[in-house]
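Below is one structure; the comments refer to it alone.
The values are calculated or read from the model by the stated rules, or taken from the named source; none is laboratory data. It should be emphasised that the depicted structure is a prediction, and the values quoted were computed from it without experimental measurement. Cβ: placed from backbone, ideal geometry, glycine included. Neighbour counts: every protein chain shown. Note: areas computed on protein heavy atoms with side chains; ligands, DNA, RNA excluded. Shrake-Rupley method; radii C 1.70, N 1.55, O 1.52, S 1.80 Å.
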Amino acid sequence: MPKEKKEIYSNSCITPIYQNAVYFFESTEQVIKYHQDEACLGRYGRYDNPNWLEFESKMAALDNYDDALLFSSGMNAIITTVCSFIEQKDRLIYTGKCYRNIRKFFDNVLPKWGVETIPIDPMRIDEFHEQIENECQKKAKIFFVEMPSNPHLYLVDLARLKSQIGTETLLIVDSTLSTPYNFQPQRFGADLTIHSCSKYIGGHGDLLAGTVAGSRELIEKVRNYRNIMGGIADPHCAFLLNRSLDSLEIRMRHFNEAGMKIAKYLQDQPRVKKVFYNGLESHPHSFLAKKYLMGYGGVVTFELDADLEVTSEFVEALQVPFMGSNFGSSHAMVEQCSVFTYYNLSPTEKQEIGINNSLVRLSIGYEESDLLIEDLDQALKTIDVSG
Ligand SMILES: *Cc1c(COP(=O)(O)O)cnc(C)c1O
């Protein structure tokens, strides 16, 4: 076989899937050019893929940075990014009410490597900033923020936080729950922005991926680490993500509208005790939502006026959403938090992060919001009968 490659049908509107792990060079000169970043060529599938590059440049633009990287999952994006910068004896501060596995990584894994990790509760804003003031007497390497937080959608005053921690501490923001359509942490001082693409960005419940975006300098450091750690997404996944970005805006507009409508509906129901939705005045951080968010998304969390069993009855009576714990995909999903995602936590731990037995997280899908409202209505009537 001759070692040459012809461009065929290179006028496809959509970039084909580069399902390859290996690349060849035409000359030593070309190899040198590759090493010096003078030729956009691939070397090996753990370092290079055209479908990644397309997605990464789109994500960088959406997140308002120079560059971005794609990973095999959101967790991998977070862990590879943090490990690119953290060293033994460093301190890492984070918003304690965050995604369970991020908390596990910070609480259980990093301390084994001699990193001190400090959770700060973002719920009460004044105490939060006071605590930052105290903790920042000693320098921290990283401040990690999940915003909005899962499942209560707590926010932080990011610009104020940035001015408190100064420029020497890296500010990393996981804004999976807002997407760049609703929130751009870069505008308020975040050095790196992370998303789990398994949620809104993928948007169809059919893939796992994660991304980090930042300045060229920071992203190069993370890229070197990704080259070693190997937490890369496969080419087909990158292809699907490129498809998904085409509809991100339309999908987010739907989620923002439907989310607001459903949150308002729930707020008016006598059996609903509390609704956590950033667009409602009753959310403890609605004043921050106005400053930071351009829309409030498709996750609505609420507490029923009911005990554990009656809340389960309510969730089971729902006909439209699947029982499960993804969000941002085509299907609506619902979970009773204390028996689903947080089942293995002790009562004290649940209390600490605000997971009580009547807490329900509803993730809207692409259905008409009225369909979900009718369904919520009939399920609420069911529990009214049972008491
Ligand atoms: C789901 C999620 C993650 C983890 O992402 P995976 O793609 O599932 O690994 C991280 N942060 C937040 C806020 C999430 O919701």
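Among the helices (runs of 4 or more DSSP H) confined to the stretch 292-387, the ones with at least 2 residues that are over 21 Å from D268 (Cα atoms) are located at 308-317, 347-352. In this structure, I102 does satisfy being open to solvent by less than 10 Å² (accessible area, probe 1.4 Å), within 16 Å of the ligand (Cβ to nearest atom) and closer than 30 Å to V360 by Cβ. Scoring L62 on the criteria (1) within 16 Å of the ligand (Cβ to nearest atom); (2) at pLDDT 95 or above; (3) under 16 Å from the mean Cα position of the chain (by Cα) leaves a single failure, condition (1).
The residues in the stretch 146-176 that are open to solvent by 10 Å² or more (accessible area, probe 1.4 Å), modelled with pLDDT of 95 or more and hydrophobic (A, V, I, L, M, F, W, C) can be counted, and the count is 2.
When the stretch 109-123 is filtered for residues that are open to solvent by 20 Å² or more (accessible area, probe 1.4 Å) and under 21 Å from C337 (Cβ atoms), the ones remaining, listed by number, are P119, D121, M123. Listed by position, the helices (runs of 4 or more DSSP H) inside the stretch 37-139 whose residues that are over 30 Å from Y18 (Cα atoms) and touching a residue at least 60 places away in the same chain (Cβ under 8 Å) number at least 1 are 74-85, 100-104, 125-135. Considering T193, T179, the condition of being buried (at least 24 other Cβ atoms within 10 Å of the Cβ), within 16 Å of the ligand (Cβ to nearest atom) and at negative phi is satisfied by T193 alone. Has the stretch 346-356 got any residue that is small (G, A, S) and in contact with a helix residue (DSSP H, G or I) (Cβ under 7 Å, 6 or more places away or on another chain)? No, every residue in the stretch 346-356 fails to be small (G, A, S) and in contact with a helix residue (DSSP H, G or I) (Cβ under 7 Å, 6 or more places away or on another chain).
Within the stretch 278-290, is there a residue that is of a type in the set (F, W, Y) and either buried (at least 18 other Cβ atoms within 10 Å of the Cβ) or touching a Pro at 6+ places or on another chain (Cβ under 8 Å) (or both)? Within the stretch 278-290, not a single residue is of a type in the set (F, W, Y) and either buried (at least 18 other Cβ atoms within 10 Å of the Cβ) or touching a Pro at 6+ places or on another chain (Cβ under 8 Å) (or both). None of F143, F71 is of a type in the set (A, V, I, L, M, F, W, C), buried (at least 21 other Cβ atoms within 10 Å of the Cβ) and within 15 Å of the ligand (Cβ to nearest atom) except F71. Kindly evaluate N326 against the criterion of being out of contact with any Asp or Glu (no Cβ under 8 Å at 6 or more places or on another chain) and at pLDDT below 95. So N326 passes the test. Within the stretch 176-187, residues that are closer than 22 Å to L208 by Cβ reach partners that are in a helix (DSSP H, G or I) and within 13 Å of the ligand (Cβ to nearest atom) with beta carbons closer than 7 Å, at six or more positions or on different chains, in the pairs T176/G74.
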